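The values are calculated or read from the model by the stated rules, or taken from the named source; none is laboratory data. Quantities reported herein were computed from a predicted structural model and do not represent experimental measurements. All Cβ positions, even for glycine, are placed from backbone atoms using ideal geometry, and neighbour counts span all protein chains on display.
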Amino acid sequence: MRMLPPDAVAVTVVGNDALLVAFSNGENRLFDLKPLLSRKCYAKLNNKAFLSQAFIQYGCVTWPGDIDIDPDWLYGDSIAVVET
């Protein structure tokens, strides 16, 4: 049986090309947006004002206009942030 990834519960935009995402399992992870920014469906994220409108909906990081990033992708392609 495949384990489902934890849901995203909070998001903070970091700079112009990264997201700090808090997950339902208590982890904070950093997701690099750079690989997505050249894709047509994510082109609006190149605009800092638009990027800053990120919010959580149904466990996904989402923006207006039905732009989102699945929590499985967010979790799997991010790195853990360890607080010291």
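Scanning the range 25-39 for residues that are in contact with a Ser or Thr (Cβ under 6 Å, 6 or more places away or on another chain) and basic (Lys, Arg) yields one hit, ARG29.
Could you list, in sequence order, all residues of the range 28-56 that are in contact with a strand residue (DSSP E or B) (Cβ under 9 Å, 6 or more places away or on another chain), modelled with pLDDT under 95 and either under 15 Å from GLY76 (Cα atoms) or surrounded by 14 or more Cβ atoms within 10 Å (Cβ to Cβ) (or both)? The one that is in contact with a strand residue (DSSP E or B) (Cβ under 9 Å, 6 or more places away or on another chain), modelled with pLDDT under 95 and either under 15 Å from GLY76 (Cα atoms) or surrounded by 14 or more Cβ atoms within 10 Å (Cβ to Cβ) (or both): LEU36.
Only one entry in ALA54, ALA80 is touching a Lys or Arg at 6+ places or on another chain (Cβ under 9 Å) and either on the phi < 0 side of the Ramachandran plot or hydrophobic (A, V, I, L, M, F, W, C) (or both), namely ALA80. Screening the candidates VAL81, VAL13 for the property of being surrounded by 14 or more Cβ atoms within 10 Å (Cβ to Cβ) and touching a strand residue (DSSP E or B) at 6+ places or on another chain (Cβ under 9 Å) yields one hit, VAL13. Are there any pairs with C-beta distances below 7 angstrom linking a residue in the range 33-50 that is over 15 Å from GLY65 (Cα atoms) to a residue that is of a type in the set (A, V, I, L, M), with the two at least 6 apart or on different chains, and if so which? Taking only residues 6 or more apart or on different chains, the pairs are LEU33/ALA18; LEU33/LEU19; LEU33/LEU45; LEU36/LEU45; LEU37/LEU45.
For SER24, state whether it is surrounded by 11 or more Cβ atoms within 10 Å (Cβ to Cβ), closer than 17 Å to VAL9 by Cβ, modelled with pLDDT of 95 or more and over 11 Å from the mean Cα position of the chain (by Cα). So SER24 passes the test.
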